[in-house]
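Quick notes on the structure that follows.
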Amino acid sequence: MASVEGTRRFLQRAAGRQALHAANARQLGPFACTAVGFGAYRLESEAQVPALRQALKVMNVVDTSSHYASGLSERLVGRVLREAEESRELSREEVVVCTKVGHVSKGQDPPKGAVPVGAHKGEGGAQDDWHCISPPFVSEEVRACKERLGTSPDFVLLHNPEYLLAARLQQQAPIADAWDEMYQALFESFKALEMLCSEGIIAGGYGVSSNFLSCMFSVTGRANLYEALVLDRVADAAAAAAADVGVDCHFKLAQLPLNAFEGGAVLGRGKAVEAERDCDLATRLGISLVTNRPLNALPMPGVSTGDWGRGGASHLQLREAKPMGTMASLLKQLGKSLETNRCSCAVVAQSLPWQNLVGRYSRPPQHQRAPRDRSSCRN
């Protein structure tokens, strides 16, 4: 596992042979690391192994996933690290290893709690794409990651957990209900990750790899709102999970896109989404950030589907003027809150017709369109 002293030693050695400038040193949790790491997404055969060996001479961060090459990427990363240690080129404690879980391997039956990825809406089988962050699946996957790597990963990230939101968007679920479900699911997953940290299966901590709110596009290529995770709410879920387990919080890391086209993490989204930029928010919360796709960007939706668009499901046209019954869900929640806090809210409840509003908007939305007066239609 990586150590504070070991990672610092790597940087000192690299700087001593002029392979690293002091300005390119960073901090990742407690560890000293190079500003650029090795992304192992395409590490899937012997042909790419020399690239990793060469990279480890000048950088000490490796980012992989259980999803990359169906686990082969992790096996190759583990093998290269063992060989480098045996040849005394470096030691394991000098390298920060990050991996990710969430995608269900092809050929594996979807576990309980899995949601569909892509065009199918849950009717698919083992050969289709599925995503899952249920605690049993996460625990099993992290243990499998350790076995493939041959070492405890320093950080484990949930890999785009917002696929749950994408599935609910396909179903046109109310946005408030979908978000409540999302953060409850994260809370449960984080408890499992906290236990894995306590057991030493995860050496350093955990986090989330996601297209957060400041990213322009979601993981599925749509305009990012319904499917967006909010970093401070994610951090709140992690803190609550740690408190529930009775341990110090190990939520240390977030990963998001940042490149010439996807600059929202630094620049924000202007008036479109008036929220704190994720880089500023992470600094305020004390969360380390790792960026992905630094040298390439997702194309504009509709131009090329790339890795994220599957089966022509990149866009949905929703018939409701206020999609997914947002107002209905919010008012329903308000009604529940007032009922729970009836004493403290007595004055408000008496002064405003909340019950009438909640009763009206809590009913299932009617999707039938009203008849149109064709005489008023324009050509």
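The values are calculated or read from the model by the stated rules, or taken from the named source; none is laboratory data. Remember, predicted model here, so these are calculated numbers, not experimental data. Positions of Cβ are generated from backbone atoms using ideal geometry, with glycine treated the same way; all protein chains shown enter the neighbour counts.
Some observations on this one:
- Lys252 vs. criteria crowded, with 19+ Cβ neighbours inside 10 Å, over 14 Å from the mean Cα position of the chain (by Cα) and either of a type in the set (D, E, K, R) or under 21 Å from Ala2 (Cβ atoms) (or both): no
Here is a yes/no grid of residues against (1) touching a strand residue (DSSP E or B) at 6+ places or on another chain (Cβ under 9 Å); (2) part of a loop (DSSP other than H, G, I, E, B):
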position: Arg75; (1), (2): no, no
position: Glu83; (1), (2): no, no
position: Leu90; (1), (2): no, yes
position: Glu93; (1), (2): no, no
position: Val97; (1), (2): yes, no
position: Lys100; (1), (2): yes, no
position: Pro111; (1), (2): yes, yes
position: Gly118; (1), (2): no, yes
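- As for the range 289-301, it holds no residue that is touching a helix residue (DSSP H, G or I) at 6+ places or on another chain (Cβ under 8 Å), over 28 Å from Val115 (Cα atoms), modelled with pLDDT of 90 or more and in the same structural domain as Ala166 (by TED's automatic domain parsing).
- Near pairs, Cβ below 9 angstrom, 6+ apart or cross-chain, from the range 10-38 (within 13 Å of Asn60 (Cα to Cα)) to any residue that is among the acidic types (Asp, Glu) and part of a strand (DSSP E or B): Gly37/Asp63; Phe38/Asp63
- The test for being over 22 Å from the mean Cα position of the chain (by Cα), assigned by TED's automatic domain parsing to the domain that holds Gly29 and either buried (at least 21 other Cβ atoms within 10 Å of the Cβ) or more than 30 Å from Pro50 (Cα to Cα) (or both) holds for Val95.
- Those residues of the range 201-226 which are farther than 30 Å from Arg92 by Cβ and in contact with a Lys or Arg (Cβ under 9 Å, 6 or more places away or on another chain), in sequence order: Leu213, Ser214, Cys215, Met216, Thr220, Asn224, Tyr226
- Residues in the range 255-280 that are among the polar types (S, T, N, Q) and either buried (at least 21 other Cβ atoms within 10 Å of the Cβ) or within 24 Å of Pro30 (Cβ to Cβ) (or both): Gln255 alone.
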